[in-house]
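Below is one structure; the comments refer to it alone.
We did not get these values from a lab; they are worked out from the coordinates using the rules stated. The structure presented is a predicted model; accordingly, all values stated were derived computationally and were not measured. A quick note on method: Cβ atoms are made from the backbone with ideal geometry, for glycine too, and the neighbour counts reach across all protein chains shown.
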Amino acid sequence: MTSDPRAAYDELIRRFRELATLASCSAVLGWDEQTFMPAEGAGLRGEQMALLAGIHHQRAVDPMIGELLSLVEGSDLVSDPESDAAVNAREWRRAFERRSRLPRELVETLARTTTLAQQEWIGARRDSNFNRFRPWLDKILALKRDEAACLVELLPAAEGKEPTPYDALLDEYEPGARVAELQGLFEALRGELVGLVQTIGEASARKREGLRGFSGEGGSRKTFPVDRQRIFGEAVAAALGFDFRRGRLDVTAHPFCTGIGPGDVRITTRYDEHQFSEAFFGILHEVGHGLYEQGLPAEHFGTPLGEAVSLGVHESQSRLWENAVGRSPAFWSYWFPMARRVFHQALHDVTREEFLAAINQVAPSLIRVQADEVTYNLHIIIRFELEQELLSAALPTSELPSAWNRKYEQMLGIRPPDDAQGCLQDIHWSAGLVGYFPTYTLGNIYAAQLFAKAQSDLPELERSFSQGDYTPLREWLRDRVHRHGRRYRPAELIERATRSPIDHRPLLAALRSKYGELYGIEPSVPA
């Protein structure tokens, strides 16, 4: 082994780039599994994923990595905590410590089980049969409890409170976040949002009138041919800046984005010929993720400086482009004339104002990915509460459907008619992503803060949207968010970008302002 810190750092770069390349192989297989793999390929795919996960884990916990890190950490290379070497060493140490706590057998079993479980989830969702998926959920929860038990001791106590197993899983997706903090934040949001939904509901009847065909509610539904949806969606994605030379758009059961590596970012959506919004805003959402991945510095591939900082920040990019941009009047002043030409039969008798009212309609709904901006976070709070109970075994999986339905009645005033529109609608638990859901609401909070700051810094932003020009906003985000990789932890990155600590009030202010104008209600926000 070398005694030269620079040589040790170079060796770490080599090793972690090799690990990133290995992970990219798993990412390609995962993308294929959700898009083109035949159903009968699930068994072999599970073994492939388990093998790759095992090899990756074995290399990632090689004791030599710890020795090389110690050499770098004790050198002048890390004297500046914001230097490239210091940032990489800090994040490598975090990853190494976490991975070293996990037995290879557990890593392989998780990869194998979740690959098979995702295929079972697809079938169970199609048949609306939770009992078909339940045994797999039991297996996954048992494995995630084992994972959490391995990791929880790595977390420091926060404000005198010992970390929980759920904290250990949450920390993988949003480093530094803790359940206790999120509960207070989400509770503040819940109270305001429930009241806002009720206020809007009382004023919204006139906005819904005459647009039922567009939104897919009742009556004769309008038709938006899938091939035209695809063409229109790809045109908008390219205009926003998604580079199709370095990415592609495909169809899947549950939309997602996967950054395989420099030059290869893949997004997906799902189409319904009677529902324009689902695919179109799904595309905008995934384009936001894709722009983040394409905006990461390619020269840092394989190191923390070339990786997204957290899922909450990642979600902020998707929600910002989907909602703050894609549902704005300025955006549709440019795109609506084209939409009327492409979907002439459906939109020839719809005005831009009616169209804006339809795509910004607020109403309690069953499906999270189709939820409006105001009710969306209530869907997340429900999942956040349920998965904590599932992980702790306070809620047996046999009671999940009834618990899910009960919370929807309590919080949104509606009850799912079946499992497909209830507890089977999301792929996350079948993929082992326990602790993932709260990052969606964090993403909404971050997005509102970022967009408010961008509007302040770029006074001509609305005019650029009305001209179909998104370069100013895209480059602002690349400068404030994308180019930094993991140089800063999520909370610090947001504070540096917005000059403000994490704060849910800009989100409430944006919602009250926007929907106050749309529905003629008081837009003020409590302090």
Subtract the Cα-Cα distance of Asp418 and Lys161 from 0.36 nm times their separation in residues, and report this length gain in nm to one decimal. 88.6 nm
When only alpha-carbon atoms are used, what values of Rg and Dmax, in angstrom, describe the stretch 273-372? 16.5, 53
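Considering only DSSP beta bridges where both residues belong to the chain, give the percentage that are antiparallel (nearest 5).
On the way: 5 of 10 bridges.
Of all bridge pairs located within the chain, approximately 50 percent are antiparallel.
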Gap separating the Cα centres of the stretch 394-427 and the stretch 462-498, nearest whole Å: 36 Å
Taking max minus min of the Cα coordinates of the stretch 71-210 on each principal axis, largest first, gives extents in Å of 69, 38, 33
Which value does Rg/Rh take for the stretch 329-460 over its C-alpha atoms, Rh per Kirkwood? 1.08
Placing +1 at every Lys and Arg Cβ and -1 at every Asp and Glu Cβ, with all other atoms neutral, what dipole size does the chain have around its Cα centre, in debye to the nearest 20? 960 debye
Percent RCO, i.e. relative contact order, over the chain, from Cα pairs under 8 Å lying at least 6 residues apart: 18 percent
Just the number, please: Stokes-Einstein D of the stretch 180-519 in µm²/s, Kirkwood Rh from C-alpha pairs, 37 °C, 0.692 mPa s. 159 µm²/s
How large is the Kirkwood hydrodynamic radius of the stretch 382-527, counting all unique pairs of alpha carbons, in Å? 18.4 Å
Using alpha carbons only, how many angstrom separate the centre of the stretch 237-284 from the centre of the stretch 307-352? 13 Å
In whole percent, what relative contact order does the stretch 394-527 give with Cα contacts below 8 Å and a gap of six or more residues? 18 percent
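Would you mind ranking Leu284, Leu458 by Cβ crowding within 10 Å, fewest neighbours first? Walk me through the numbers before you get to the answer.
On the way: Leu284 25, Leu458 15.
If I rank by nearby Cβ atoms, fewest first, I get Leu458, Leu284.
Using 0.36 nm times the number of residues separating Thr471 and Asp250, minus their current alpha carbon distance, what extension gain do you get?
77.1 nm
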Based only on the alpha carbon positions, what is the Kirkwood hydrodynamic radius of the stretch 16-134, in angstrom? 16.5 Å
